[in-house]
1. Could you work out [θ]222 nm for the chain from helices alone, using -39500 (n - 2.57) per DSSP H run of at least four and dividing by all its residues? Round to the nearest 500 deg cm²/dmol.
2. With the cut-off at 1.5 for a/c, could you classify segment 299-370 from its C-alpha gyration tensor as rounded, prolate or oblate?
3. Is the shape of segment 73-208 rounded, prolate or oblate, going by the alpha carbon gyration tensor and its root eigenvalues a ≥ b ≥ c, with a/c under 1.5 for rounded and a/b larger than b/c for prolate?
4. As a test, work out the antiparallel percent of DSSP beta bridges whose residues both lie in the chain, rounded to the nearest 5.
5. Would you grab the residues whose amide H sits under 5 Å from the one on G202? Only those 5+ places off in sequence or on another chain, please, with H modelled 1.01 Å from N.
6. Can you sort Y102, Y223 by 1.4 Å-probe accessible area, starting with the largest?
7. Mind checking the dipole of segment 291-367: about its Cα centre, +1 per Lys or Arg Cβ, -1 per Asp or Glu Cβ, Debye to the nearest 20?
8. Taking θ as phi - 60°, what are the ³J(HN,Hα) couplings along segment 152-159 by the Karplus curve (6.51, -1.76, 1.60), each to the nearest whole Hz, with x for Gly and Pro?
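The values are calculated or read from the model by the stated rules, or taken from the named source; none is laboratory data. Here the structure is a predicted model, which is why all the values come from computation and not from measurement. When we count neighbours, we look across all protein chains shown, and the Cβ atoms used for this are built from the backbone with ideal geometry, even at glycine. What goes into the accessible areas is simple: the full protein's heavy atoms, side chains included, and nothing from ligands, DNA or RNA. Shrake-Rupley method; radii C 1.70, N 1.55, O 1.52, S 1.80 Å.
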Amino acid sequence: MTSNDHNLPKKEGKHTGLVKPTIGNFSRNEWAIVGAPCINIKLLADTVINALSPIYKCAYVDTSHNDEVISPPGRIANGAYLDYTDQLNYQQFNFKNELKPYQVKQQFAETDLVLVNGNHQQAKAQVVVIYENKKASLQKRIEQLTNVELILLDERVEDIFDFIKEAVPNWPNIPIYHLGEIDKIIAFFETRMQQSIPVLNGLVLAGGKSVRMGFDKGLANVYGKEQRYYLADMLKGYCNEVAISCRPDQKTEIDSVYKNIEDTFTGLGPFGAILSAFRENPNQALLVVACDLLLLDKNTIEYLIANRNVANIATAFQSGFDGFPEPLITIWEPKSYPVLLAFLSQGYSCPRKVLINSDITLLQAPDVNALANINTPEDMENIKRELHIKMATTNES
């Protein structure tokens, strides 16, 4: 249990068993820097954030060091619950009331890396700094050292305190650098961020009712097997595991060789299918593909994966028809899950609207025709002609 979790209601047996995302007090990747003077912690955090912010969304957490009571800022002093100011080059929110743990996590939902002043706040992993004149202070915080991943030595220190060795028995396996070895420190965080890239799973959307088509589009047989199975097999070469999204009444129809995920957010179309998959596993990234993309090929999938940007909530292609993002051939990162839920809470259930109004990576498809989908029998005939032309061209070459 983290230090903030005591404020949350205890889980009872009658509650639905939900898989929780692997989030600490603030984010998925967080480190409390403990054992150094606060000014040195700030400087170290500044250095790491400056180096990694071009790639990742970084954040810093601290507590005010003022001994005197500070007057509330802005309209908060006059009784406002919330004070928001557009500062043009940054946004500022001032809250009157203390934020609860779940509210804090919401604010950090899209961050990739969070560094914390461990003298005042805790995190699920720690960076221990050995300063001779902070020995007593560090000893007081020994119980906070639950997951030490990096040890840093002040330039005047040559060894780790004995009480640290006792409290952290695996210390010989932990990287140990001097504070001046900035390149090694930054490389440590770069490596950890690479190691924490969410696993990529595939999701074939096949739960639509295909009203305009007149028959289930997932059953279309163009390549010698049902389209939902054809796409699932294609994604298997690129994903950790692949599932077919379906309505409850479709579950018994799907071949048991293929994993299926039943829509639990019903009546929301593809939006509900994506949420249902995240509900089952909120720590995965999802390569979502609609079953009616008959021209989709491996080259397009490979290009999407090669240009995946985990710092944004999604990586998508730009539509060749209207220039907007194509939500149904997209990599949705785990951080998109709370964003999707937030849109739903405001009455929106369009995944394209989420992409348009969020930080995403938008790509130009290597072959825009690969993004074409079918909605009517006429579309099917057009796609078949495209396939015939494509196959003829391939045979000639």
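1. Working: 11 runs with 115 residues, N = 397.
Value at 222 nm, helices only, nearest 500: -8500 deg cm²/dmol.
2. Numbers: a/c = 2.62, a/b = 1.54, b/c = 1.70.
Because a/c hits 1.5 or more and a/b fails to exceed b/c, segment 299-370 counts as oblate.
3. Details: a/c = 2.26, a/b = 1.36, b/c = 1.66.
It comes out oblate by the Cα gyration axes.
4. Numbers: 15 of 53 bridges.
Rounded to the nearest five, the antiparallel share is 30 percent.
5. Answer set, sorted by chain and number: N240, E241, V242, A243, L287.
6. Details: Y102 120, Y223 80 Å².
Ranked list, largest accessible area first: Y102, Y223.
7. Working: 5 positive and 8 negative charges, 54 e Å.
Dipole about the Cα centre, nearest 20: 260 debye.
8. Whole-Hz 3J(HN,Hα) from phi for segment 152-159: 10, 10, 4, 4, 8, 10, 10, 9.
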